[in-house]
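Reviewing the structure listed below.
The values are calculated or read from the model by the stated rules, or taken from the named source; none is laboratory data. Please read these numbers as outputs of a predicted model, since none were measured by experiment. As a convention, Cβ positions derive from the backbone with ideal geometry for all residues, glycine included, and neighbour counts pool all protein chains shown. Keep in mind that these areas ignore ligands, DNA and RNA; they rest on the heavy atoms of the full protein, side chains included. Shrake-Rupley method; radii C 1.70, N 1.55, O 1.52, S 1.80 Å.
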Amino acid sequence: LRELHVTNNDITGRIPDELFNLVKMERMFMNYNSFSGRLPTKVGQLINLEELYLMHNELTGQIPASIGNLQKIKVLALTENKFQGTLPTELNELKNLEVLAIQREGGTDGNEVGGDTVGVDNGPSVKGRSGITGPL
């Protein structure tokens, strides 16, 4: 399997560890679901991955340092999750990275995603999470 498209479903629970055994995977599109828990450290086993889209899920914890093993990654889209902590310094090892999307949801009521409000800083997230901290 080289591509997986499961965007915009009602998939819940943790991301299955078995997905990270698919070492020929080049593109994963898993946006707009309800995946929860931490992004497994096994993500670093996807050494041929070029694009990873996990936007708008319920992923928590820190982005794992093993993300630095994804030497072919060009797009890393983790927007609108509940990640916390600091960015792993291993992101500096991603020499082919062209797009890094890690912003949280903003707005005054949590519903202002898209439309005229894209790119507008509406202050802290109303979801009460601390988000990612530390140097970029």
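Would you check if GLU18 is farther than 17 Å from LEU97 by Cα and without any contact (Cβ under 8 Å) to a residue 12 or more places away in the chain? Yes, satisfied.
Looking only at region 18-30, residues that are open to solvent by 10 Å² or more (accessible area, probe 1.4 Å) and within 20 Å of ASN57 (Cα to Cα) come to 4 in all.
For THR7, the criteria (1) touching a residue at least 40 places away in the same chain (Cβ under 8 Å); (2) polar (S, T, N, Q); (3) under 19 Å from LEU97 (Cα atoms) hold in every case but one, which is (3). A search for C-beta distances below 8 Å between a residue of region 42-62 that is touching a residue at least 12 places away in the same chain (Cβ under 8 Å) and any residue that is of a type in the set (Lys, Arg) and part of a loop (DSSP other than H, G, I, E, B), counting only pairs 6+ apart in sequence or on different chains, returns ILE47/LYS72; ASN48/LYS24; ASN48/LYS72; LEU49/LYS72; GLU50/LYS72; GLU50/LYS74; GLU51/LYS74.
The residues on offer are ASN21, ASN8, ASN48, ASN33, and the sole one that is at positive phi, among the polar types (S, T, N, Q) and at pLDDT 95 or above is ASN8. Restricting the search to strands (runs of 3 or more DSSP E) fully inside region 13-84 and requiring at least 1 residues that are charged (D, E, K, R) and within 22 Å of ARG104 (Cβ to Cβ) gives 34-38, 51-53, 58-61.
Touching a Lys or Arg at 6+ places or on another chain (Cβ under 6 Å), open to solvent by 50 Å² or more (accessible area, probe 1.4 Å) and at negative phi: does that describe LYS82? Here the answer is yes, as LYS82 does meet what is asked.
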